[in-house]
Every structure is written in structure tokens, then in C-alpha cells.
Amino acid sequence: MKKANNSKLKIIPLGGLEQIGMNITAFEYEDSIIVVDCGLSFPEDDMLGIDLVIPDITYLKENRDKVKGFIITHGHEDHIGALPYVLKELPAPIYATKLTIGIIDHKLKEHNILKQIKRKVVKHGQSINLGCFRIEFIKTNHSIADASALAIYSPVGIVVHTGDFKVDYTPVFGDAIDLQRFGEIGKKGVLALMCDSTNAERPGFTMSEKTVGKAFDNIFAEHKNTRIIIATFASNVDRVQQIINSAYRFDRKVVVEGRSMVNIINIATELGYIQIPDKTLIDIEQLKNYPDEKTVLITTGSQGESMAALSRMALDIHKKVSIKPGDTVIFSSNPIPGNEKAVSKVINELSMKGAEVIFQDAHVSGHACREEIKLIYSLVRPKYSIPIHGEYKHRIAQKRVVEDLGIEKENVFILASGDVFELDENQAKVTGKVKNGAILVDGLGVGDVGNIVLRDRQHLAEDGIMIVVLTLERGSNQVLAGPDIVSRGFVYVREAEGLMEEAKNVLESSLDRCLEQGVSDWGRIKGTVKDSLSEFIWKKTKRRPMILPIIMEV
């Protein structure tokens, strides 16, 4: 991979740098582009009715001939969730480890595009060649099995991308993170390190996943006479494995509830990432055949999601399970920033039904704290540092850690999504910006809801709508019928008849004015109707409902 001229490597993050989610980064050198990850994020509170948010890949579509493939670090939604949408527009091959490909295959099957997309399973330690890049997969630990870091060998040097990671010397499944390989690559000389920042504000080390298993054993020992319900992330296969181990030790049957949980456990069992002792799993229908103290439910909904199994149980709208006094409910996760309210609502609902809720010490993070970040930097010893995966405050926290390690201030880059970051062994700088942003998915519509529609939804949600219907005579523009006013979400009409009558009078006089002035343009008539009604309503109620004039002609 000799460098023939003075071309530079471009690193272009198209998402994932302002939030935790929607991770996608393009690496470009001359006529080769590889894309690392392709995730979604969940809607903010003000995105009314939106289901998912995916990255804008305009730049990749404009350069589709250069795109060699997608390299995926691990199987979490914020790294793979946008693939089915993006691949419909840009069908490129996918490279990832076994479990990750298993989860992606399931997604592509749901979207009916499995046959069109080439997928290749890569083992840790293996490399693939794409265009002028060679990408090596390095074993790491995370809250989902089979996570990888990447060493990207380019003509101007090596870039190491950690993916989401933690250092776990005693993982539940498989080997510990391959620190030796990070060290070997570090000795070759690394141009840049892109490192996970999620927990950069937290001192110390992240606890091993195994410690959660011990916590479960203790909880099971202390609650021998109650039913146990545990909510966790569907993708945390190792967590599920430990719950099953504890259940088996304490002679309890296990029910798995929640669509995503059932899917992932099926995939993980098929591929050998989870071992379930015979006769431990039972179907939810068989729950009634066993006494409560002999059962454990593993369920989705640890983030308070309104449609997930646990929330439905808490609200008594779950078809098969209702919460009883004496149940023990364990939250085996931390609320993701932004979900705290939803989680505490579910905890309150459960507590009111008489359940004991445990949410301390039944979880460890999947991300590296400060000492692990320092460890990776000391092994890799990069020239440039690019903190990734986190909100601005998380990445600034990593910047401080890195500067303490002695990397010069000007060699640490806090990028924004859309930045074109060009680098070689001599210099690195942001040289431009490409189109980036969020594409909103609502039902089956992708991108058909934009800022204007959202603004309208916000407006409708806050102030409601008034529709003014009137019929004009063709030619003379005399008012034949109306104006009639229909309102929704503005005031309860039956109790505001006086207001509606007054509004009608205001409209009639503004229409008379139009006629007197000989206004025949419907646009202007609509404008007059809108302005006069809006002004009147604001004076009377201090509200601004959306006003839609509809004119019919006879």
C-alpha cells in the first residue's frame, strides 16, 4: 500500500457525534470509500409521531461508485439499525462478525432485501481488503457479544477505531479484549485513534459483566418465595445467559417475553452464543402450571418504552402476565440519557401494584471508563486523537484524559457530524463540510416527514386547528354558504358558542370588505380570512391555532 502522491485520507462522520446513536463514518482515499457502522437513533421528545431517525447518506449516494462496503463493529441498533433503509438506496456488501451478521440478516429478511445484499462473516484477527484499504477486526468486549475494534490500514497510515468497547478480563462468553494486538499495532505507528467516549466522564474501570451474575445469585437467594421478573436489553446476550444460569441454579423455569428479546435469543442460541440447559425455558402459556417462586421472566422494557413487555405488565394491558403484590422486578440496565422519566414512571406503576423493584447493582456498563480509555491510548500511542461516540460533553471529557496522557492539544480533534477531516503523517485538519443530518422514519414513510411537517405537528399539538369553509359563486364571488368554522384541539366548541359566533361575524365582515374592494384572487381572500381570524382569536384567547381556509366554487 504505497502512497504514490500527496493524496490525503478523509474521515467523514455522517452521524453519531452529537448524540449517543446514529453512528456512521465514511473513510475515503482517492476512489475508495468504506463506511463504518450504519446506525439509527430514537426520536427526541419534539419529534411527534416519528418512529426512528436515520442518517442522511446524500454524500455516499453522490459517490456510490467509490463505496466498497459497510464494516460493522457490533450488533446494536445505534450501529446497525439504519442498514435496511440505507441498503435499499445503496446496496453495498456488509462485513461483520458472526453474531452481528446473524442479527443484520434477521433485519434484512424483515425488509425483504436479504437476497440482494452480499454479507461476509469475518473472524477476529482476520483482515479484508476493500479498494485501497485493509481492515483488520480486533476482539473487544461490550454489552453484546462479538464486538470488534477495527484497524484501518490506509496508504497514509493506520487508523484505529475502537467501536463501542470496555476492557473485561473475565467476560461471560469468549475471550477478553485483545490488548496484545492493540499494543502490536501501536508499535507499528498509528496515525489516529477514534475512541468511544460514552463513559469518559467516569473515573476508574468499568466492572466486569461477571459481577452481575454474582448480584443475580444474591438476589435469587434473598427472594426464594417470589416470582422474579428481570428487564434488560434484548441484545445483552451475556446478561441473559447469566440470568438463565442463576435460574437453573435455583431451580426456576425461565420465560422470555418481548419480541426483540425472543428474536435475539433465537439467533444467539442458533449460532452458539448462549447455552440454555434442557427444560429450563418454558413457553409463556405454561407459566400457570408452575408456582410463582419457581419462575423467572426475562423481558424487554428496561428503558420504560411504552410498548415494551414490562410497561404493558405495569399498566395491566399485557395479555399473559399481570404484576401481583410480592413480585420482585429487577431493572438490569441504566436509563439511557433522556429515558429517566419513562423509567421512573414504570417503577412507580410497579411499586403501586405491590411489587418490590430493584434497580441498584444489577447492571454494569458496556463502555470504557477513564482508566480503560487511558489503557487503549497507551497501547495504541496515536499521533492524532478523535473522540467519537458520545455527546459533546463526553468527547470533551475524553479530550481532557488524552491531554493528561501527553498528546498535544492541537492533535486532539472534536469533530462535528458532516465534517471532512483530512489527514496524513504531516498534518490533519477539517477542510470542509458535507450534507448530513437526520432522516425521519414514520411508519412506512422514510424522509417524507421533514422539519415543516414536524413544525405543523408541533403547532397542531400546542394550539389545535380551525378550518373555515365557505362557498363562493363563480364569477361574482358572492358568498353562497358559510363561513362555517370547524375546530379541533382548540376549545371545546359546545362551551364556547359565543366565541364561535363572534369569530363568524369577524369573518363575514372581512369577506364583505374583500367584495367591496373587488378582490377576486382566492389566495388573497384566504389570506384575509386567515389574518382576521388569527388576530381575533389571539386577542380573545392568547392562542394561535392553525387556520385552514377552504373555498368551494359553485
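Right, Glu371: touching a residue at least 60 places away in the same chain (Cβ under 8 Å), in contact with a Gly (Cβ under 8 Å, 6 or more places away or on another chain) and either closer than 24 Å to Asp238 by Cα or in a strand (DSSP E or B) (or both) or not? Full working, then the answer.
On the way: touching a residue at least 60 places away in the same chain (Cβ under 8 Å): yes; in contact with a Gly (Cβ under 8 Å, 6 or more places away or on another chain): yes; either closer than 24 Å to Asp238 by Cα or in a strand (DSSP E or B) (or both): yes.
In short, yes.
Among the residues of the stretch 387-427 satisfying the criterion of being part of a loop (DSSP other than H, G, I, E, B) and of a type in the set (Val, Ile, Thr), which is surrounded by the fewest Cβ atoms within 10 Å (Cβ to Cβ)? Per the criteria, the residue is Ile414.
Restricting the search to strands (runs of 3 or more DSSP E) fully inside the stretch 428-478 and requiring at least 3 residues that are modelled with pLDDT of 85 or more gives 428-433, 465-472.
If we only count helices (runs of 4 or more DSSP H) wholly inside the stretch 29-118, which ones have 2 or more residues that are in the same structural domain as Ile135 (by TED's automatic domain parsing), on the phi < 0 side of the Ramachandran plot and β-branched (Val, Ile, Thr)?
Details: elements: 58-62, 77-80, 83-89, 98-110.
Of the helices (runs of 4 or more DSSP H) lying wholly inside the stretch 29-118, those with at least 2 residues that are in the same structural domain as Ile135 (by TED's automatic domain parsing), on the phi < 0 side of the Ramachandran plot and β-branched (Val, Ile, Thr) span 98-110.
Can you confirm whether Ile104 is under 18 Å from the mean Cα position of the chain (by Cα), β-branched (Val, Ile, Thr) and crowded, with 21+ Cβ neighbours inside 10 Å? Quick ask: steps written out before the conclusion?
On the way: under 18 Å from the mean Cα position of the chain (by Cα): yes; β-branched (Val, Ile, Thr): yes; crowded, with 21+ Cβ neighbours inside 10 Å: yes.
In short, yes.
Within the stretch 136-162, residues that are aromatic (Phe, Trp, Tyr) reach partners that are modelled with pLDDT of 95 or more and in a loop (DSSP other than H, G, I, E, B) with beta carbons closer than 8 Å, at six or more positions or on different chains, in the pairs Phe137/Thr97; Phe137/Val122; Phe137/Lys123; Phe137/His124; Phe137/Gly125; Phe137/Gln126. Val167 - would you say it is β-branched (Val, Ile, Thr), buried (at least 16 other Cβ atoms within 10 Å of the Cβ) and under 24 Å from Ile12 (Cβ atoms)? Judged against the criteria, Val167 is not a match. When the residues of the stretch 495-510 are filtered to those that are over 48 Å from the mean Cα position of the chain (by Cα), over 10 Å from Ile485 (Cα atoms) and of a type outside the set (Ser, Thr, Tyr), the one that is surrounded by the fewest Cβ atoms within 10 Å (Cβ to Cβ) is Gly498. Give the number of residues within the stretch 250-289 that are in contact (Cβ under 8 Å) with a residue 40 or more places away in the chain, closer than 19 Å to Val172 by Cα and part of a loop (DSSP other than H, G, I, E, B). Looking only at that region, the number is 3.
Hey, does the stretch 178-188 have a residue that's part of a strand (DSSP E or B) and surrounded by fewer than 24 Cβ atoms within 10 Å (Cβ to Cβ)? Within the stretch 178-188, not a single residue is part of a strand (DSSP E or B) and surrounded by fewer than 24 Cβ atoms within 10 Å (Cβ to Cβ). Has the stretch 485-504 got any residue that is assigned to a helix (DSSP H, G or I), free of Cβ contacts under 8 Å to residues at least 24 places away in the same chain and touching a helix residue (DSSP H, G or I) at 6+ places or on another chain (Cβ under 8 Å)? Checked the stretch 485-504: at least one residue is assigned to a helix (DSSP H, G or I), free of Cβ contacts under 8 Å to residues at least 24 places away in the same chain and touching a helix residue (DSSP H, G or I) at 6+ places or on another chain (Cβ under 8 Å). Within the stretch 510-523, one or more residues are over 30 Å from Asp46 (Cβ atoms), acidic (Asp, Glu) and assigned to a helix (DSSP H, G or I).
Answer yes or no: is there a residue in the stretch 147-168 that is hydrophobic (A, V, I, L, M, F, W, C), in the same structural domain as Ala200 (by TED's automatic domain parsing) and out of contact with any strand residue (DSSP E or B) (no Cβ under 8 Å at 6 or more places or on another chain). I'd like the intermediate steps shown before the answer.
Looking only at the stretch 147-168, we keep the residues that are hydrophobic (A, V, I, L, M, F, W, C), and these are 147, 149-152, 156, 158-160, 165, 167.
Still in the running and in the same structural domain as Ala200 (by TED's automatic domain parsing): 147, 149-152, 156, 158-160, 165, 167.
Filter again for out of contact with any strand residue (DSSP E or B) (no Cβ under 8 Å at 6 or more places or on another chain), leaving none.
Within the stretch 147-168, none of the residues are hydrophobic (A, V, I, L, M, F, W, C), in the same structural domain as Ala200 (by TED's automatic domain parsing) and out of contact with any strand residue (DSSP E or B) (no Cβ under 8 Å at 6 or more places or on another chain).
Residues of the stretch 314-345 that are modelled with pLDDT of 95 or more and among the aliphatic types (A, V, I, L, M): Val329, Ile330.
Residue by residue through the stretch 19-28, note down the ones that are of a type in the set (Gly, Ala, Ser) and assigned to a strand (DSSP E or B). Working first, answer last.
Residues of the stretch 19-28 of a type in the set (Gly, Ala, Ser): 21, 26.
Scanning the stretch 19-28 gives a single hit, Ala26.
Between residues in the stretch 345-356 that are free of Cβ contacts under 8 Å to residues at least 60 places away in the same chain and residues that are assigned to a helix (DSSP H, G or I) and surrounded by 15 or more Cβ atoms within 10 Å (Cβ to Cβ), which pairs lie under 7 Å by C-beta distance while being six or more apart or on different chains? Once the first residue is free of Cβ contacts under 8 Å to residues at least 60 places away in the same chain and sits in the stretch 345-356, its partners that are assigned to a helix (DSSP H, G or I) and surrounded by 15 or more Cβ atoms within 10 Å (Cβ to Cβ) give Val346/Leu310; Val346/Ser311; Val346/Ala314; Glu349/Ala314; Leu350/Ala314. Just one residue in the set Val469, Val446 is over 30 Å from Asn505 (Cα atoms), aliphatic (A, V, I, L, M) and either in contact (Cβ under 8 Å) with a residue 12 or more places away in the chain or in contact with a Cys (Cβ under 7 Å, 6 or more places away or on another chain) (or both); that residue is Val446. Among the residues of the stretch 292-327, those that are surrounded by fewer than 22 Cβ atoms within 10 Å (Cβ to Cβ) and hydroxyl-bearing (Ser, Thr, Tyr) comprise Thr295, Ser306, Ser322. Do we find that Met552 is over 26 Å from Ala461 (Cβ atoms), touching a residue at least 24 places away in the same chain (Cβ under 8 Å), in contact with a Leu (Cβ under 8 Å, 6 or more places away or on another chain) and not hydroxyl-bearing (Ser, Thr, Tyr) in this structure? Answer is yes for this residue.
The values are calculated or read from the model by the stated rules, or taken from the named source; none is laboratory data. It should be emphasised that the depicted structure is a prediction, and the values quoted were computed from it without experimental measurement. Because the Cβ atoms are built from the backbone with ideal geometry, glycine has one as well, and the counts that use them run over all protein chains shown.
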